[in-house]
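Each remark here refers to the structure printed beneath this line.
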Amino acid sequence: MSGTTDTIRLTMTQALVRYLAAQYIEIEGERVRLCAGGFGIFGHGNVTCLGEALYAHREELPLFRGQNEQSMAHAAIAYAKQKLRRRFMLATASAGPGTTNMVTAAALAHTNRLPILFLCGDTFITRLPDPVLQQIENFNDPTLSVNDAFKSVTRFWDRITHPAQIIHSLPNAIATMLDPADCGPAFIGLPQDVQGWAYDYPLSFFDEKVHRIRQQPADQREIDDAVAAIAAAKRPIIIAGGGVQYSGATAQLQAFAEKHHIPVVETIAGRANLLHTHELNCGPIGVTGSNSANYLAEHADLVLAVGTRLQDFTTGSWTAFAQDAKLVSINVGRFDAGKHLALPIVGDAKLCLPALSEKLNGYKADQNWVQTAGVERTKWDAYVDENIEPKSPEGNTRPMSYAQIVGAVNRLCDDDDRIVAAAGGLPAEVTANWRTKSISSIDVEFGFSCMGYEIAGGWGARIAQTENSPENDTIVFAGDGSYLIMNSDIYSSVLTDKKMILIVCDNGGFAVINKLQNNTGNASFNNLIEDSNIVGEPFSVDFEAHARAMGATAETVQSMDDFDAAFARAKASDRTYVICMKVDPYEGWTKEGHAWWEVGTPEISNDDKVRTAHQDWESTRHRQRRGV
């Protein structure tokens, strides 16, 4: 260890990168760097100084060149999610539009509580050359820059105005990203002049450090309160969220449910907490859920929420539960644990579930309730069996649908393949129809529901996957809308030899929003290509040719009869493989498994259909819990 008085003279960015390279974490007995490297697009605001420092550490912190700032940040976020928040990557861009392009990605990370370190160029602290290239000028506050836009979408934000400040700022940024309750994106603005300023840094600042992620036990009084509530319940359910996986508590969740005979339902982020074959796994809950889970939620007298922030798609905008059902919430975050006046257990699920179980002694849910759960689960399985079939029960060929494609991939993929989906209709179809083959194998980004995450997230997920299980595949579902918004990381994946399988489902536009538009009484308008302001006949993009132009192998599949062979070719391929398919925009949606969702509908309209839809929509509002 270095002496406390020994120093080394470095520029601010040299010191920053050297510090990052010295941070480690232990994962399953292996000591690895906490920062796995990063993604960068250089400009004048970050290439000369930060670029010089990153080049010197390119072996320890490998840097991937992005094609788009937002997408490369999505890749970093997907990497962190696959690593269960135990490692992070950085994303760096220049001082203007490159930086603002990442605000959306920061919001995605913030919403989903995922770590990423943004290192972005900033204007000159001296202000001597102002106004500089790409600088906005605030007439009333000269300290403002575009980087201030990140304040609302990051958990930690700082602007370095003197080289010594990183001694304080960097440890705090890392502590935020590793904190189970506060985890999220960290942003550090790097003024162009300060990046190159030198300072005598204590050598001890660069000593290697092995980090640990805190696992906090609960307050015993909160455990006791929860025990009293659960012991009085006859019809409890567990809602298992994504926090179960981040805690490493999937085994504890299963043991708790088995010991106390409590049915488990999963949130979208919590998909793959239990295997599909587990008898107490009663399906996904909520707006894009299952009849089984939603039935149990409606009739439960107690809801034990574990590691979930209880988003509206989980709670059916808080209509999914009985008005008098008790709510107990285990969460590392005080903010989440106390939602809707729940009995909070603030602590780590891996520690809290066994502690709660021990106090519950011999408690078991009512056997009739468990049997009911089994019946509902069986009925939902039968519905999914029928829903994913290309032929109707009468033997007629149906139009190709998301559900059929999801079912086919589910049947054909390997148990440990990684599944990635995000915005549009596919998250609902994956959530409802996917049958989990391995724990923590699904990334459905539906917290921020960001179109464009899919392909970029697949690239980042594959980077993570190759570190531990390169023999498996990363499989990405994307609609034509998301593909057109952001697709350049097909090229990135080929350049970096990070193969993924991409299933492009083309339904002619933003079909799921067209469905919502129609369901609320509105005419189809500006969602499907054919209903948009175009000149001439609508036409489809040749996604196969486009993907080939970026170096991928690609083919178009005309029917489900041909899909199995195409997927086998994709699995056998040594490079990114794109399968393109036409999906009907109107037919084939999963019709069952939906809870109410609050969306704003016009109270007054000249259209009878809109007025009727508003009345129908509002007719369920009486079931909405009002904050309790």
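Values as computed for the structure displayed
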| item | result |
| --- | --- |
| Residues being surrounded by 14 or more Cβ atoms within 10 Å (Cβ to Cβ) and charged (D, E, K, R) - total across segment 388-398 | 2 |
| Long-range neighbours under 8 Å by Cβ, at least six apart or interchain, first residue under 17 Å from LYS571 (Cβ atoms) and in contact (Cβ under 8 Å) with a residue 12 or more places away in the chain within segment 388-411, second in a helix (DSSP H, G or I) and among the aromatic types (Phe, Trp, Tyr) | ILE405/PHE563; ALA408/PHE563; ALA408/PHE567; VAL409/PHE567 |
| Meets criteria (buried (at least 22 other Cβ atoms within 10 Å of the Cβ) and in a helix (DSSP H, G or I)) for ASP385 | no |
| Wholly enclosed strands (runs of 3 or more DSSP E) of segment 13-117 bearing at least 3 residues among the aliphatic types (A, V, I, L, M) | 88-93 |
| Hits in segment 203-217 (condition: surrounded by 16 or more Cβ atoms within 10 Å (Cβ to Cβ) and out of contact with any Leu (no Cβ under 8 Å at 6 or more places or on another chain)) | PHE205, PHE206 |
| Strands (runs of 3 or more DSSP E) wholly inside segment 230-303 that include at least 3 residues being farther than 25 Å from ALA422 by Cβ | 236-240 |
| Output for segment 175-202, where each listed residue is under 30 Å from GLY307 (Cβ atoms), buried (at least 23 other Cβ atoms within 10 Å of the Cβ) and not small (Gly, Ala, Ser) | MET177, CYS183, PRO185, PHE187, ILE188 |
| Matching entry among TYR55, TYR19, TYR24 (being touching a residue at least 60 places away in the same chain (Cβ under 8 Å) and either within 26 Å of the chain's Cα centre (by Cα) or exposed (fewer than 15 other Cβ atoms within 10 Å of the Cβ) (or both)) | TYR24 |
| Test for SER401: is it modelled with pLDDT of 95 or more, among the polar types (S, T, N, Q), open to solvent by less than 30 Å² (accessible area, probe 1.4 Å) and within 30 Å of ARG113 (Cα to Cα) | no |
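Residues checked against (1) touching a Cys at 6+ places or on another chain (Cβ under 8 Å); (2) closer than 25 Å to THR111 by Cα; (3) surrounded by fewer than 24 Cβ atoms within 10 Å (Cβ to Cβ):
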position: ALA232; (1), (2), (3): no, no, yes
position: ILE238; (1), (2), (3): no, yes, no
position: GLY242; (1), (2), (3): no, yes, no
position: GLN245; (1), (2), (3): no, yes, no
position: ALA249; (1), (2), (3): no, yes, no
position: VAL265; (1), (2), (3): yes, yes, no
position: GLY270; (1), (2), (3): no, yes, no
position: GLY283; (1), (2), (3): no, yes, no
position: SER292; (1), (2), (3): yes, no, no
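Results for (1) part of a loop (DSSP other than H, G, I, E, B); (2) open to solvent by 40 Å² or more (accessible area, probe 1.4 Å); (3) touching a residue at least 24 places away in the same chain (Cβ under 8 Å), shown as yes or no for each residue.
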site	(1), (2), (3)
LEU119	no, no, yes
PHE124	yes, yes, yes
LEU128	yes, yes, no
LEU133	yes, yes, yes
ASP141	yes, yes, no
ALA149	no, yes, yes
ILE166	no, no, yes
ASN172	no, yes, no
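The values are calculated or read from the model by the stated rules, or taken from the named source; none is laboratory data. On a predicted model such as this, the values are computed, not experimentally measured, just so you know. Note that we place each Cβ from the backbone using ideal geometry, even for glycine, and neighbour counts take in every protein chain shown. Side chains included, ligands, DNA and RNA excluded: accessible areas come from the protein's heavy atoms. Shrake-Rupley method; radii C 1.70, N 1.55, O 1.52, S 1.80 Å.
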